[in-house]
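Heads up, the thing below is written out as structure tokens.
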Amino acid sequence: MITVNNLSLRYGKRILFEDVNLKFTSGNCYGIIGANGAGKSTFLKILQGDVDPTTGQVTFSKGMRVAVLKQNHFEFDEIPVMQTVLMGHKTLWAIMQEREAIYAKGDFTEEDGVRAGELENTFGEMDGWNAESSAAELLSNLGIKENLHTKLMKELDGNQKVRVLLAQALFGNPDILFLDEPTNDLDVTTINWLEDFLADYQGIILVVSHDRHFLDAVCTNVVDIDYSKMTIYSGNYSFWYQSSQLVAKQKADSNKKAEDRIKELQDFIRRFSANASKSRQATSRKKALDKINLEDIKPSSRKYPGIQFNNVLREAGNEILHVTDLSKTVNGEVLFKNVSFNLKKGDKVAVLGNSIAVSAFLAVLAGEEKDYKGSFTWGVTTNVANIPNDNTRFFEGVDANLIDWLRQYSPDEKDETFIRGFLGRMLFSGEEVLKKCNVLSGGEKMRCMFSRMMLLRANVLILDEPTNHLDLESITALNNGLTDFKGTALFTSRDHELVETIANRIIEITPKGIIDKEMDFDEYIKSERVAEQREQLLKMK
Ligand SMILES: Nc1ncnc2c1ncn2[C@@H]1O[C@H](COP(=O)(O)OP(=O)(O)O)[C@@H](O)[C@H]1O
Ligand SMILES: [Mg+2]
């Protein structure tokens, strides 16, 4: 168990934490969420003893050993894989180092002899003789084959490095595992693998993540950092979100009888629990849900942006888009080739592939990129709104406040109150709308782009990594908006949950041709037929 008592932390006038009292218990996985800068990483550093709190204490049950999954994938680049893993057990590693240094000495004093004896003893007690073989076994279990164990870390690819760093963290069976945004830069296969691994892990896990699919797969509890307070909730991210929305809705409806409210909540928990028990990593999450008290469910004080795209200027007809033999080559390198397909009305297509190729492909269809071969035609009733990967050109050198910025995109209505309404839905209110658009943060710019997209009232949406820089609330709002959208969409996203819940069709573009399947994302990544087709395709001349 980890107990946090009366914790507070101030940086100058800024209060990061105040009056934090929490307990973390074995067998649970805690997902830490909160806005950028809320203090998630700092909280993990306090628990590790790397940052001293202003007041309060953190205590661990006796003998508990903590391990951390390193965030910096390059930290061990010059070190061999095997040694990187051994370094994970700090005490043992220090003994190994000292022992080696003594034996390397030319003149071996009596003192050295005594010290060497002591070290040998502790080394033996810590099962040091088996350290290498158990590290090797751990690596192999994590999918790092023996031929890689002697290589330097820098010779491994990003996904392999994370596996080694995880082996480092797990070496010597720690009781507590800390992970700070572990899914950044990982491919979907490695993330799935990490989800399975953590779901089976017996110790205490604290993990910071913005990845909803990952949080849902591993967490038994959500730890919310909001306005310097920290609160633990039971259940995974979706449970936290949906249950707190439900309670907020019940609160707003003052006519509802108390017993009706309780019944509605109980039904909700039952349905959620039934779904949880169907998933692979069910046991621990199911247990967490079974223990929930109705009083534990509190309405969220968080504000969600309102994203919805259904108020279109006109509905599209049945002709949406014909693409014939579309290809693009940059400096002799083929980005995509022989892309042909028809879009059906209402299709929501996730485009997969090399991210540069996918961005170029979406830019071509959006009419932004003119250098390509082949052809495409949009249906006459379609109108397309686009959120490109790089939105610099919308903001750089533009000296307008948010109202004037957005007004220029409004097809008809130019009234300030009307424009403010769209900014308000994206949580820009009061004085904030008078900010200059070129000073905005990445997340704020993205929110402006959504205001613009809603205002354009298009019946076809193109979105290239729309969750970049967004916080969890905005991602959730975007996800809801796209789920409800009745028009047609082409998009690409690293957010697993978004792709899984939105796309009814997947188009993967490669330098040799495309794979085009009407299925959802999870089905697609697991499909052996798709994997075979990809292999055949890439073999082609
Ligand atoms: N040593 C420090 N001195 C002053 N401010 C700091 C220090 N370390 C972090 N901060 C600030 O504390 C806040 C929380 O940072 P962090 O824990 O990294 O946030 P998160 O991981 O939730 O995004 C940030 O605003 C950061 O700038
Ligand atoms: Mg952080």
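Quick note: the coordinates plus some simple rules give every number you see, no bench work behind them. Every value quoted in this text rests on a predicted model; they were computed, and no experiment measured them. Note: ideal-geometry Cβ built from the backbone for every residue, glycine included; neighbour counts use all protein chains shown.
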| query | Cα to Cα, under 13 Å, and not fewer than 8 places away if on the same chain: which aspartates and glutamates meet these conditions relative to Lys303? | reply | Asp226, Asp471, Glu473
| note | Once the in-chain neighbours fewer than 8 apart are removed, the lysines whose Cα is under 20 Å from Lys151 read Lys70, Lys161
| Computed FRET efficiency, Cβ-Cβ of Thr109 and Asn438, R0 51 Å: what is it to the nearest 0.05? | 0.15
| said: Helix 528-539 against the longest principal axis of the chain: what's the angle in degrees, Cα atoms only, rounded to the nearest 10? | reply: 80 degrees
| note | Under 16 Å between C-alpha atoms, the lysine pairs in the range 236-296 lying 8 or more places apart or on different chains count 5
| query | Amide H of Glu369: which non-local residues (sequence gap of 5 or more, or other chain) have their own amide H closer than 5 Å, using H built in the peptide plane? | reply | Val364
| query | How high is the FRET efficiency between Leu538 and Asp50 when r is their beta carbon distance and R₀ equals 35 Å, given to the nearest 0.05? | reply | 0.20
| message | I'd like the orientation of helix 258-276 relative to the chain: the angle between its Cα long axis and the longest Cα principal axis, in ° from 0 to 90, rounded to 10. | response | 70 degrees
| message | Per residue of the range 394-404, what does 6.51 cos²θ - 1.76 cosθ + 1.60 with θ = phi - 60° give for ³J(HN,Hα)? Whole Hz please, x for Gly and Pro, Karplus curve as stated. | response | 6, 10, 5, x, 8, 9, 10, 7, 4, 5, 5
| request: Name the longest site-free stretch of the chain, where the excluded sites are GluC sites (Glu not before Pro) in a DSSP loop with no more than 10 other beta-carbon atoms within 10 Å. | output: 79-314
| note | Count of lysine pairs, the range 435-541, Cα-Cα under 29 Å, sep. 8 or more residues or interchain, comes to 13
| field | Under-5 Å amide H pairs with Phe17, H placed in peptide plane, nonlocal only | value | Leu9
| note | For the chain, the Kirkwood Rh over every pair of distinct alpha carbons, in Å, works out to 26.5 Å
| field | Residue order, fewest to most surrounding Cβ atoms within 10 angstrom, among Arg10, Arg270, Arg163 | value | Arg270, Arg10, Arg163
| said: Could you give each residue of the range 496-509 its phi-based ³J(HN,Hα) in whole Hz, using Karplus coefficients 6.51, -1.76, 1.60 with θ = phi - 60°, and x for Gly or Pro? | reply: 3, 4, 4, 5, 4, 8, 9, 6, 9, 8, 10, 10, 9, 9
| task | Using only Cα atoms, figure out Rg for the range 236-296 and give it as a multiple of 2.2 N^0.38 Å. | result | 1.18
| Spin-label model distance (nm) - Ser355 vs Ser277, 7 Å beyond Cα toward Cβ | 4.1 nm
| Contour excess over end-to-end distance, with Cα ends at Thr417 and Thr91 and 0.36 nm allotted per residue | 110.9 nm
| field | the range 422-455: trypsin sites (Lys or Arg not before Pro) in DSSP coil with no more than 15 other Cβ atoms inside 10 Å | value | Lys435
| query | Tell me, in nm to one decimal, what length is gained between Ala252 and Ser340 on full extension, where the rule is 0.36 nm per residue of separation less the Cα-Cα distance? | reply | 26.7 nm
| field | In degrees, nearest ten, helix 158-170 long axis to first principal axis of the chain (Cα) | value | 40 degrees
| What are the ³J(HN,Hα) values, in whole Hz, obtained from phi via the Karplus relation 6.51 cos²θ - 1.76 cosθ + 1.60 with θ = phi - 60°, for each residue of the range 72-78 in sequence order, with x given for Gly and Pro? | 7, 6, 9, 4, 10, 3, 8
| Cα gyration tensor of the range 405-541, axes a ≥ b ≥ c as square roots of the eigenvalues: rounded (a/c below 1.5), prolate (a/b > b/c) or oblate? | prolate
| request: Could you please state, rounded to a whole Å, how far the C-alpha centre of the range 302-365 is from the C-alpha centre of the range 373-446? | output: 20 Å
| Qualifying chymotrypsin sites (Phe, Trp or Tyr not before Pro) in the range 27-96, DSSP loop, other Cβ atoms within 10 Å at most 15 | Phe74
| task | Just tell me which aspartates and glutamates come within less than 17 Å, Cα to Cα, of Lys229; anything on the same chain fewer than 8 places away is out. | result | Glu18, Asp19, Asp296
| query | Non-local amide H neighbours of Asn386 (under 5 Å, H modeled in plane, Pro and chain starts lacking H): which ones? | reply | Ile462
